[in-house]
Amino acid sequence: SDTQLNAAPVTTFAGTLTGLGHTISNLTIEALNTDNVGLIGTNTGTIRDLGLVGGSVTGQSNVGGLVGWNKGTISNAYATGTVTGNYYVGGLVGNVGGTKTSYSTINNAYATGTVTGEQYIGGLAGNSNIYSTISNVYATGAVTGHTYFGGLVGTNKGTISNAYAAGAVTGGNYLGGLVGDNYQGTIN
């Protein structure tokens, strides 16, 4: 169904969301001065088997089509809409940031929409911290940023495996076709 929202509908999600292969079409979120913006603002649970088709998400920091800040697990998910923000912006997830006791994981996922922001911008995710794993993923949308941005991930400190990016990457400093800055991270 078509959905128009003025803010993220869920601030923090800690359960299990099983989409059963369904899609949400034309989700539009306009939260210009808000952090942790996406269909789900912050995820500490599990999201799987869900697609977002079209639409646009706009926020300040930690902005993603599906999740603004992922601290949990995302699998078998995708987003095709446009995502815009300032910091930690990604087509699927803005910030992938687990903890020492609870790793953050994204697997079997992709994003194809245009992503635009200032710093830490990626076609799939803006940032991936040391306690994060991203695997079996790709991004094909155009990415535009100012500092630390890449076709797949803006900055990586975690592990990325079995991934590719095919969108145009344009802007300022520390940019890469796959990753803008790989700071002690691992890419396989």
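The values are calculated or read from the model by the stated rules, or taken from the named source; none is laboratory data. Quantities reported herein were computed from a predicted structural model and do not represent experimental measurements. All Cβ positions, even for glycine, are placed from backbone atoms using ideal geometry, and neighbour counts span all protein chains on display. The area values use the complete protein model at the heavy-atom level, side chains included, leaving out ligands, DNA and RNA. Shrake-Rupley method; radii C 1.70, N 1.55, O 1.52, S 1.80 Å.
In table form, for the structure just shown:
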item	result
Relative contact order [Cα under 8 Å, 6+ residues apart], the range 1-138, whole percent	20 percent
Percentage relative contact order, the range 135-188, counting C-alpha pairs under 8 Å, at least six apart	42 percent
Rounded if a/c under 1.5, otherwise prolate or oblate - the range 144-187, Cα gyration tensor axes	oblate
Alpha-carbon centroids, the range 165-187 and the range 9-74: separation in whole Å	23 Å
Zero-based 10 Å bins, Cα pair distances in the range 57-104, whole percents	31, 49, 19, 1
Bins of 10 Å from zero: percent of alpha-carbon pairs in the range 1-104	19, 53, 26, 2
Lys, Arg +1 and Asp, Glu -1 on Cβ, resulting dipole of the chain about Cα centre, debye, nearest 20	380 debye
Using θ = phi - 60° and Karplus 6.51 cos²θ - 1.76 cosθ + 1.60, couplings along the range 41-47 (whole Hz; Gly, Pro as x)	x, 10, 10, 10, x, 10, 10
Average silhouette area of the chain, convex hull of alpha-carbon atoms, in square nanometres	8.5 nm²
For Val89, net neighbour charge (Lys/Arg +1, Asp/Glu -1) across residues whose Cβ lies under 14 Å away	-2
Fraction of the pair-distance distribution of the range 18-63 above 16 Å, Cα-Cα pairs, percent	45 percent
Accessible area per residue in Å² at 1.4 Å probe, computed on the chain	40 Å²
Fraction of accessible area attributable to carbon and sulfur, the range 54-188 (%, probe 1.4 Å)	46 percent
Quotient of Cα Rg and 2.2 N^0.38 Å for the range 70-167, N being how many residues it contains	0.92
